[in-house]
1. Taking the mean number of other Cβ atoms within 10 Å as a proxy for protection, how do you rank 291-299, 411-419 from highest to lowest?
2. Given segment 296-440 reduced to its alpha-carbon atoms as identical point scatterers, what log10 I(q)/I(0) does the Debye formula return at q = 0.19, 0.21 Å⁻¹?
3. Could you sort ASP163, ASP263, ASP131 by their accessible area in this structure, using a 1.4 Å probe and putting the largest first?
4. Long-range amide H contacts for ASN307: which residues qualify at under 5 Å (H placed 1.01 Å from N, peptide plane, sequence gap of 5 or more or a different chain)?
5. Are any of the pairs LYS268/LYS472; LYS153/LYS386; LYS153/LYS390 more than 24 Å apart by Cα-Cα distance, and if so, which?
6. At a 10 angstrom cut-off on C-beta neighbours, averaged per residue, how do the peptides 374-383, 300-309 rank from highest to lowest?
7. With a 1.4 Å probe and every protein chain left in place, work out the accessible area per residue of segment 328-367 in Å², rounded to a whole number.
8. Taking all protein chains in place and a 1.4 Å probe, what share, in percent, of the accessible surface of segment 144-294 do carbon and sulfur account for?
Amino acid sequence: METLCSNFDLGSSISKSFTSKSLFSCRFSSIRFRRRVVPQAFGRKELPIAHLKKEEGENENLVKWVGKGVIGLAAALSLSCHSLALAESLTVAFPVSHTPEVNTVQRTLIEAWSLIRETFVDPTFNHQDWDLKLQQTMVEMFPLRSEDAAYSKVRGMLSTLGDPYTRIISPKVVLSCVENSPAARAGIHEGDELLEINGERLDGVDSETAAQKLRGRAGTTVTVKVHRGNVAGVSSYQEVKLPREVIKLSPISSAIIPHKMPDGRLLKTGYVKLSSFSQSAAMEMENTIQDMENQGVQSYILDLRNNPASLVTAGLDVAQLWLDGDETLVNTVDRDGNMAPISIVNGHAVTHDPLVVLVNEGSASASEILAGALRDNGRAILVGHKTFGKGKIQSVTQLHDGSALFVTVAKYLSPALHDIDQVGITPDIQCAVDMLNSPKDTFKERNTSSSSLEADFCIIVAEHELDIQESKGSAS
């Protein structure tokens, strides 16, 4: 359930950056030809087909295929799927495309179908015959002549699952752009298709090779051509010259906010903004908190607003920085309805200072797991607006052609067993002007400050709540 994102110098990431972690580790390890009667619709009664045996305990998803020189017009796939509770064989007959790029996507389709068949959270596949769906899609793909058209068929098959998070991203699609990077400033967006680099077509070029072409010495430029998907029914192409820059990639930004208590005492609040859950997020946050502790910070604001998340495991790692003991961080529910808690083992928080977490409608997935863990365990107050409501967990697998397959493999509940999927988390305190209990002149003074943080109303509300906690602590 992880994704490792390689960040390129232009601030874009391509789907080569995925690791494969599925619930079943299998590979298609043997190919042999035999004779089999196939439907008349495929044009002949007897055709040579490929028989692929799927063995248990291997790490690759698909290592062999019918090959570049496809024999005959039709093929049949025989699978033996093994798990502790499942042992079955399946034979699917389908026509094999003579167009090489379409044939490659057919292979990708089988990989995607197999992974979904084994791991998708809904074992009914949205109340449809998933095996028949593969065969139908193969037949629809057969007459196609382009890779893009073939991928559209794959996406169409996945869309029938009724889950927007189970999806495939082709090797040439931009996954994301680093904020304020040359690519982002040029208007390149997630979902755009990278067609050319310095006039060279990327047909057949794997994503790592494309990444190398994008990289270069800082100060030089590279020209890319991108295709933007249908926006309001319009498809467009754009050629952009991008400067290469050294880009510092950190999910953490921080500041210390000094402010006076009503009794005149000067307090320091550590503000930590977490923009994404990368592999380094927990380590960088721990270093940031330690540095603030050394500077005498007495309370914290953790800002998860507009953090759509990425690595669920990174969210759990961050939660452990704030919690002690053996607290439950989240509960997962698998395709069979089995619930399993994920808990800290003998945890030791980096700090026990008061904490407020900021959330909004852009806080999703791992952000919601983190916010739910901190609130349900009584560690933090949530301030802001209701979160996005993504209570599903995806595995991310790199397929043979460099494409990335996202599959929803489980759903999660908060430690208090709240299901937030399509509902979101309602914060303890909404940051609305009429809910601030401090004097109006204090609000005006802070709001007109030159500091952008002190002008952020949700931060003002968070500081007010921290002041209340500090006052209660001093009184006791």
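1. 411-419, 291-299
2. The Debye formula, applied to the Cα set alone, gives -1.13, -1.31.
3. ASP263, ASP131, ASP163
4. When sequence neighbours closer than 5 places are left aside, the close amide H contacts are SER363, ALA364.
5. LYS153/LYS386; LYS153/LYS390
6. Put in order of decreasing packing, that is 300-309, 374-383.
7. Accessible area per residue: 41 Å².
8. Roughly 49 percent of what the probe reaches on segment 144-294 is carbon or sulfur.
The values are calculated or read from the model by the stated rules, or taken from the named source; none is laboratory data. For clarity, every value in this text was computed on a predicted model and none was experimentally measured. As a convention, Cβ positions derive from the backbone with ideal geometry for all residues, glycine included, and neighbour counts pool all protein chains shown. Note: areas computed on protein heavy atoms with side chains; ligands, DNA, RNA excluded. Shrake-Rupley method; radii C 1.70, N 1.55, O 1.52, S 1.80 Å.
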